[in-house]
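Before any comments, here is the structure.
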Amino acid sequence: MSLALKNSGQEILFSACNWGEDNVYLWIRESGAHMYRSTGDIQDHWNSIKNLALSQLDKECYTGSFCHNDMDMLVVGMYGGSNNSFIGAAAT
């Protein structure tokens, strides 16, 4: 994928995602990805946010120029409510 994007003639950000599985931080830089998902999906409660952040503390040495980790989006203001039944069910 990286090679195809580089050969397209366009500047394209390559964001890879496998939800942080398979020790992605160890090998993703070799793939040519500019950023990568380093965690599973975030849920709409504090423990989820805290646990995802804490899970990254020993992985800071694997991110750097042209390859950054992405801990998913920050869910704010839904207070356990969502239009996604998975998130809503997990928060109750």
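Quick notes
- Residues within the stretch 54-74 that are within 16 Å of residue 19 (Cβ to Cβ) and aliphatic (A, V, I, L, M), tallied: 2
- Filtering the stretch 1-50 to residues that are buried (at least 17 other Cβ atoms within 10 Å of the Cβ) and in contact with a Lys or Arg (Cβ under 8 Å, 6 or more places away or on another chain) leaves 16, 20, 24, 25, 38.
- Residue in the stretch 29-40 that is at pLDDT below 90, of a type in the set (A, V, I, L, M, F, W, C) and out of contact with any helix residue (DSSP H, G or I) (no Cβ under 8 Å at 6 or more places or on another chain) present: no
- Looking across the stretch 52-92, the residues that are part of a loop (DSSP other than H, G, I, E, B), under 21 Å from residue 14 (Cβ atoms) and at pLDDT 80 or above come down to 56, 63, 65, 66, 71, 72.
- Hits in the stretch 1-51 - residues which are assigned to a loop (DSSP other than H, G, I, E, B) and closer than 17 Å to residue 65 by Cβ: 11, 13, 14, 32, 33, 34, 38
The values are calculated or read from the model by the stated rules, or taken from the named source; none is laboratory data. These numbers come from a predicted model, not from an experiment. Counting neighbours? That spans all protein chains shown, and the Cβs are built from the backbone with ideal geometry, glycine included.
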